[in-house]
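FYI, it's all coordinate maths here, none of it is from the lab. Nothing here was measured: the structure is a model prediction, and the numbers come from that model. Neighbour counts are summed over all protein chains in view; Cβ atoms, including those assigned to glycine, are modelled from backbone coordinates with ideal geometry.
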Amino acid sequence: MSASNEIVFGQTAGLGGAGSLGETEWPNPAHRMFDTVDPVPGASKPDPILVASDVSRSFGGIRAVSVERLEVQRGAITALIGPNGAGKTTFFNLLTGFDKPDSGNVLFDGETASGQASYKLASKGMVRTFQLTKVLARMTVLDNMMLAGQQQSGESMFRGFIRMWGGQEASVREKALEILGQFNMTHMSGEFAGSLSGGQRKLLEMARAMMAEPRLIMLDEPMAGVNPALTQSLLGHVKRLRSEGISVVFVEHDMDVVRDISDWVVVMAEGEIIAEGTSDMIGSNQAVIDAYLGSSHASLTEQILTGHIPDVEEVEAGLAETAELEVAEIAALEAQTGPIEQIGEPSDD
Ligand SMILES: Nc1ncnc2c1ncn2[C@@H]1O[C@H](COP(=O)(O)OP(=O)(O)OP(=O)(O)O)[C@@H](O)[C@H]1O
Ligand SMILES: [Mg+2]
C-alpha cells in the first residue's frame, strides 16, 4: 500500500511507459486536448464523438446504470473504470447498442446508437470487442478477418458467409491482409483461430474490428488474461490507432494499463459517474477512493446479508493474514528507510 491517500495502481508497474511496438512511439494527437476540460462528472468536451444523456437501466428494480451525462472526446483514449458491480459493462452495452436504456439516449456522431444492430453501428463507424473474444475457432485467421469485413460493411453474419463464398472477396482479402500486416500477424493468416493463444485472439479481435474502418472502437477489458509481453503489443496498437485519429473507449481493471494509455478516465460507482479526469487526478480523487474502499466493505456486508456469516475462526484467520501482511510491509519499508519506530499504546513491560 502506498502511504498517501492514493489508489494503488496495480501490480504490473514498470510495464508502462512508451514501450509499445518495439521502439515505436506513436504521436498522441490527444495531447493537451483536455487542458480546458473541467475534471467533473458529465464534463463537456471540445468535440464529442459519443454523448449519453440521462441514460438509465434497471434490472428487477435495481438501478444498474443512472448516468446523467457523458461526453466522449473524439480522437482520444477514454478509460471507463470502477469497482465491481459499478455498472461499467451495463453502461458499455448501452453505449454500444447491445442493450437499450429504459430512458435517455446515446448519440454516436449525432445519430441514435441505442438498440441498433452491431453490424449496422459498425457500418456507421462504431465497433466493439468483447471481454470474451468471439473469434470463430474453426476458421482461419484470414477468414475471420474477411467475414468481419463482410459483416461490418453492413451485412448480417449469414449474408456475409454467402457473399464470401460467392467469390466477390478479392478487395476484402486485400484489406484483411493489409490490416493483418499492421498487426504483425501476416504469418498467422492461415492458422485456425482456435489455435491462437488468448492474447493473440485479442489481437485478432482488434484487427477484425479494424475491417470496418471505424472512427470509434470500444474495447471491453482488452488486456484481461493477456501475458505482459503481448499486453505491451496490444497497448502499442491502441496507441497506433489513436495516432491515426481513431477514438477509443475501453473498460479496464488494471490501473497500470489505464495510466499508460488513457488520455481521460471516467469513474463509475453504483451506476453513476462519480469522477472524470486524467489518471493522475483520479488517483487522488476522494470520491473515487471512497467508492473503491466502500466496495470492499459492501462485499462483506453483502456476504452477511446473503447468509454467509463468517465464523470466529474465519475472522481470526483473516486478521492473522492482515497482520502478516503488515509485518511484511513494515520489514520491506525498514529495508529501505532503516528501523521504523512503532507508535501506539505504551506496552506493559
Ligand atoms: N442481466 C442482468 N440481470 C440482473 N442484474 C444485472 C444484469 N446485468 C447486470 N446486473 C447488475 O447490475 C449491476 C451492475 O453490473 P455490471 O456488470 O454492469 O457491473 P461492472 O461494473 O461491469 O462490474 P465488474 O467490474 O464486476 O465487471 C450489478 O449489481 C449487477 O448484478
Ligand atoms: Mg463488467
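Extension gain SER243-GLU213, at 0.36 nm per residue separation less the Cα-Cα distance, in nm?
Between SER243 and GLU213, full extension yields 9.4 nm more.
May I ask you to sort GLU25, GLU169 by Cβ crowding, counting other Cβ atoms within 10 Å and putting the fewest first? Let's see the in-between values first.
Numbers: GLU25 14, GLU169 18.
Ordered by Cβ neighbours within 10 Å, fewest first: GLU25, GLU169.
Here the simple spin-label model places points 7 Å from the Cα toward Cβ, and for THR186 and VAL40 these points are separated by 5.2 nm.
Relative to the current alpha-carbon distance between ARG69 and ASP102, full extension at 0.36 nm per residue lengthens the span by 10.4 nm. Counting neighbouring beta carbons within 10 Å and listing from fewest to most, the residues THR96, THR89 come out as THR89, THR96. The order of PHE250, PHE91, going from fewest to most other C-beta atoms within 10 Å of their C-beta, is PHE250, PHE91.
Using Cα pairs closer than 8 Å and at least 6 residues apart in sequence, work out the relative contact order for segment 19-71, in percent.
On the way: 55 pairs, mean separation 15.6, N = 53.
About 29 percent, as a whole number.
Can you pick out the pairs among LYS120/LYS239; LYS88/LYS202; LYS88/LYS175 whose Cα atoms lie more than 28 Å from each other?
Pairs exceeding the cut-off: LYS88/LYS175.
Report the paramagnetic label zone for THR24: residues of segment 176-220 whose backbone N is under 11 Å from a point 7 Å from Cα along the Cα-to-Cβ axis. Counting backbone N atoms under 11 Å from the label point, the list is 181-185. Calculate the length of the line joining the C-alpha centroid of segment 90-113 to that of segment 169-232, in whole Å. A separation of 26 Å, based on Cα centres.
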